[in-house]
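For reference, the structure is listed below as structure tokens.
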Amino acid sequence: MKKIISNTMFNRYVDAEWTLPEFNSAADFLWIRHNSGLPWLKLAIEVPCSTILTEIQNIESLLIPHREDYNEHQGWSSFCIHGKSYDATREDGFYNDNRPYVWTQEAEELMPGTVDYFRSEWPADQYYRVRVMRLDPGGYITIHRDSTTSALSAINIAITQPKECLFVMEKYGTVPFQPGSAIMLDLSNRHVVFNNSNQVRWHIIVHQDFDNVNFKRLVVNSYSKLYNCGNETSNDSNS
């Protein structure tokens, strides 16, 4: 397939290598999130991708272009599983209203298994936006950062991940997404996504409150697993 637009940052960092910071055996959730220096952390959790992908087919007609007013991205569209409404895919400040975050009616009707998974199995007490994100073949998300404060924050779950669709982070290289990967990202780093494949890339982005004890434990255990320590810990007392 013909490659899409070239990009200096993409070309410079796509194959970048970086060294893991020194392991901190006393690391708790707060330290990992704010002080570990990790650009991303793969979470040691299984996601029912086949169920989710099957249900995504039910909402494809409801996807709306995401951030189309910027005229910078191409082939990027979204649907809210949890949010102000299924088509309110932007950040809260964009709408400037008091609508609560809820499981959208369309998701409850058309993606019931997915909703049930996030309600009963994914470790979270409170969600903000939870969105299906589609990136078309040949589509791209141009260079941007989502925050100026360094911290592991949003979680991207790869429901599908074409091999030639690359999420590249400045200085750190290609984020190692595979189907089923749930990766917590530090989006203060500039990043860009190119789908150079002939397949659709489906991700779910989760924004949630981080007070859930099981989520903190998941992050600490995933940090240990990253360093092949093999020892799970319950060091989750800090928020």
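Taken as a whole, segment 147-158 holds at least one residue that is within 14 Å of His207 (Cα to Cα) and at pLDDT below 95. When segment 43-66 is filtered for residues that are touching a strand residue (DSSP E or B) at 6+ places or on another chain (Cβ under 7 Å), surrounded by 17 or more Cβ atoms within 10 Å (Cβ to Cβ) and not hydrophobic (A, V, I, L, M, F, W, C), only His66 remains. For segment 165-184, the set of residues classified as without any contact (Cβ under 8 Å) to a residue 40 or more places away in the chain and within 13 Å of the chain's Cα centre (by Cα) consists of Phe167, Phe177, Gln178, listed by residue number.
Listed by first and then second residue, the pairs with beta-carbon distance under 8 Å, at least 6 apart or on different chains, first residue in segment 21-33 and surrounded by fewer than 18 Cβ atoms within 10 Å (Cβ to Cβ), second in a helix (DSSP H, G or I), are Asn24/Trp31.
Of all residues in segment 186-203, those that are farther than 26 Å from Arg33 by Cα have Cβ atoms under 6 Å from Cβ atoms of residues that are aromatic (Phe, Trp, Tyr) and outside any loop (DSSP other than H, G, I, E, B), 6 or more apart or on another chain, in Phe194/Tyr140. Just to be sure I understand the filter: pairs with C-beta atoms under 8 Å, separated by 6 or more residues or on different chains, first member in segment 103-131 and farther than 15 Å from Ile159 by Cβ and touching a residue at least 12 places away in the same chain (Cβ under 8 Å), second member polar (S, T, N, Q) and part of a loop (DSSP other than H, G, I, E, B). Which pairs pass? Pairs found: Thr104/Ser85; Leu110/Asn58; Pro123/Asn212; Ala124/Asn212; Asp125/Asn212; Arg129/Thr89. If we keep just the residues of segment 125-150 that are crowded, with 21+ Cβ neighbours inside 10 Å and among the hydrophobic types (A, V, I, L, M, F, W, C), which is farthest from Asp209 (Cα to Cα)? Once the filter is applied, the top-ranked residue is Leu135.
Scan segment 145-152 and give yes if some residue there is hydrophobic (A, V, I, L, M, F, W, C), assigned to a loop (DSSP other than H, G, I, E, B), touching a Leu at 6+ places or on another chain (Cβ under 7 Å) and in contact (Cβ under 8 Å) with a residue 12 or more places away in the chain, otherwise no. Yes, because at least one residue in segment 145-152 is hydrophobic (A, V, I, L, M, F, W, C), assigned to a loop (DSSP other than H, G, I, E, B), touching a Leu at 6+ places or on another chain (Cβ under 7 Å) and in contact (Cβ under 8 Å) with a residue 12 or more places away in the chain. For Gly113, are the conditions met, namely being closer than 30 Å to Lys163 by Cα and of a type in the set (Gly, Ala, Ser)? Answer is yes for this residue. I need the full set of residues from segment 41-93 which are among the acidic types (Asp, Glu) and more than 18 Å from the chain's Cα centre (by Cα), in order please. Listed by number, the residues that qualify are Glu55, Glu60, Glu68, Asp69, Glu72, Asp87. In segment 171-185, which residues are modelled with pLDDT of 95 or more, within 17 Å of Glu17 (Cα to Cα) and assigned to a loop (DSSP other than H, G, I, E, B)? Residues satisfying the conditions are Tyr172, Val175, Pro176, Phe177.
The values are calculated or read from the model by the stated rules, or taken from the named source; none is laboratory data. Here the structure is a predicted model, which is why all the values come from computation and not from measurement. When we count neighbours, we look across all protein chains shown, and the Cβ atoms used for this are built from the backbone with ideal geometry, even at glycine.
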